Amino acid sequence: NNHGVIGLINMPTARFYEESSFGVTLYDGTPDQKITFTSFPYDWLEASLFYTNIQDRPYEGFEYQDYKDKGFNFRLRLREEDTFPAIAIGINDIAGTGLYSSEYIVGTYGLRNFDLHFGLGWGNLNGSRESFKNPLGYIDDRFYDRPLETEDKGGQFQPSRYFSGYSASPFFGLSYALNKKIL
């Protein structure tokens with residue numbers, strides 16, 4: 001997807017590559033360009049590092065230059081697909097500035113050549129008209145408060161941001177494979 005990991009355009013899925021797989025993705029979009037290095041050290045873990053250039057946003061102290069950002073993403077498979085869908089949980093921009101921060105729980109289920117993807121997103125994955133009150137707020141009120149500002153230089157873990165915000169949004173996707181070689 002746009003973040004250099006398995007997914008549909010800007011949406012994560014619960015699909016994983018085999019253990020010891022590695023990939024490099026270049027994305028050239030507007031307003032950002034991104035390079036992502038993704039690794040699957042285990043068949044249940046996806047970890048990636050990204051570096052991005054954001055056009056038309058000045059880099060503090062170097063206003064003639066576009067803004068630069070870096071961050072880390074990770075995703076864990078909680079269960080493999082069988083009679084029930086595969087389920088994964090992930091965090092994007094876990095220790096970056098927070099500009100791309102999002103968290104999600106996603107399920108994927110295959111029916112012949114179709115893959116159905118459905119999940120719940122916070123942060124940048126939250127924003128659909130179908131959003132609803134954050135269900136984790138019933139556990140602790142602190143889940144309703146998500147910091148709005150980004151970290152100045154990045155590189156810090158921000159646990160108060162993870163799975164927080166007043167609302168969360170569902171997301172859905174469908175993919176179709178023409179055959180086993182063209183996915």
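Examine the range 74-81 for a residue that is part of a loop (DSSP other than H, G, I, E, B) and either in contact with a Phe, Trp or Tyr (Cβ under 9 Å, 6 or more places away or on another chain) or closer than 16 Å to N2 by Cα (or both), and state whether such a residue exists. Before the answer, list the steps.
Step one: filter the range 74-81 for residues part of a loop (DSSP other than H, G, I, E, B), giving 80-81.
The next check asks that each one be either in contact with a Phe, Trp or Tyr (Cβ under 9 Å, 6 or more places away or on another chain) or closer than 16 Å to N2 by Cα (or both); those that pass are 80-81.
Looking for residues that are part of a loop (DSSP other than H, G, I, E, B) and either in contact with a Phe, Trp or Tyr (Cβ under 9 Å, 6 or more places away or on another chain) or closer than 16 Å to N2 by Cα (or both), one finds at least one in the range 74-81, hence yes.
Does Y67 count as at pLDDT 90 or above, among the hydroxyl-bearing types (S, T, Y), in a strand (DSSP E or B) and open to solvent by less than 60 Å² (accessible area, probe 1.4 Å)?
On the way: at pLDDT 90 or above: no; among the hydroxyl-bearing types (S, T, Y): yes; in a strand (DSSP E or B): yes; open to solvent by less than 60 Å² (accessible area, probe 1.4 Å): yes.
Here the answer is no, as Y67 does not meet what is asked.
Taking the residues in the range 162-177 that are among the small types (G, A, S) and assigned to a strand (DSSP E or B) as candidates, determine which candidate is surrounded by the most Cβ atoms within 10 Å (Cβ to Cβ).
To start, the set of residues in the range 162-177 that are among the small types (G, A, S) comprises 164-165, 167-169, 173, 175, 177.
Then keep just the ones that are assigned to a strand (DSSP E or B); that gives 167-169, 173, 175.
On the way: S167: 17, A168: 26, S169: 19, G173: 19, S175: 16.
It comes out as A168.
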For the range 113-138 the number of residues that are at pLDDT 90 or above, charged (D, E, K, R) and surrounded by fewer than 20 Cβ atoms within 10 Å (Cβ to Cβ) is 1
By residue number, the members of the range 75-99 that are open to solvent by 30 Å² or more (accessible area, probe 1.4 Å), at pLDDT 85 or above and farther than 12 Å from R15 by Cα are D82, T83, F84
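Report the residue count in the range 18-54 for those that are in contact with a Pro (Cβ under 8 Å, 6 or more places away or on another chain) and more than 20 Å from S101 (Cβ to Cβ).
Initial filter on the range 18-54 (in contact with a Pro (Cβ under 8 Å, 6 or more places away or on another chain)): 19-20, 47, 54.
Now drop any that are not more than 20 Å from S101 (Cβ to Cβ), which leaves 19-20.
Residues in the range 18-54 being in contact with a Pro (Cβ under 8 Å, 6 or more places away or on another chain) and more than 20 Å from S101 (Cβ to Cβ): 2 in total.
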Here the residues within the range 100-112 that are hydrophobic (A, V, I, L, M, F, W, C) and either open to solvent by 10 Å² or more (accessible area, probe 1.4 Å) or in contact with a Phe, Trp or Tyr (Cβ under 6 Å, 6 or more places away or on another chain) (or both) are I105, L111
Apart from one, (1) of a type in the set (A, V, I, L, M, F, W, C); (2) part of a loop (DSSP other than H, G, I, E, B); (3) within 23 Å of N2 (Cα to Cα) all hold for I91; the odd one out is (2)
Filtering the range 3-44 down to residues that are of a type in the set (F, W, Y) and outside any loop (DSSP other than H, G, I, E, B) yields F22, Y27, F37, F40, Y42
For the range 102-130, the count of residues that are under 8 Å from the mean Cα position of the chain (by Cα) and either hydroxyl-bearing (S, T, Y) or over 14 Å from F171 (Cα atoms) (or both) equals 2
Exactly one of F62, F50 is surrounded by fewer than 14 Cβ atoms within 10 Å (Cβ to Cβ) and either in contact (Cβ under 8 Å) with a residue 60 or more places away in the chain or among the aromatic types (F, W, Y) (or both), and that residue is F62
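The values are calculated or read from the model by the stated rules, or taken from the named source; none is laboratory data. None of these values were measured; they are calculated from a predicted model. For neighbour counting, all protein chains shown are included, and Cβ atoms are generated from backbone atoms with ideal geometry for every residue, glycine included. Remember, those area values only see protein heavy atoms, side chains included, never the ligands or the DNA or RNA. Shrake-Rupley method; radii C 1.70, N 1.55, O 1.52, S 1.80 Å.
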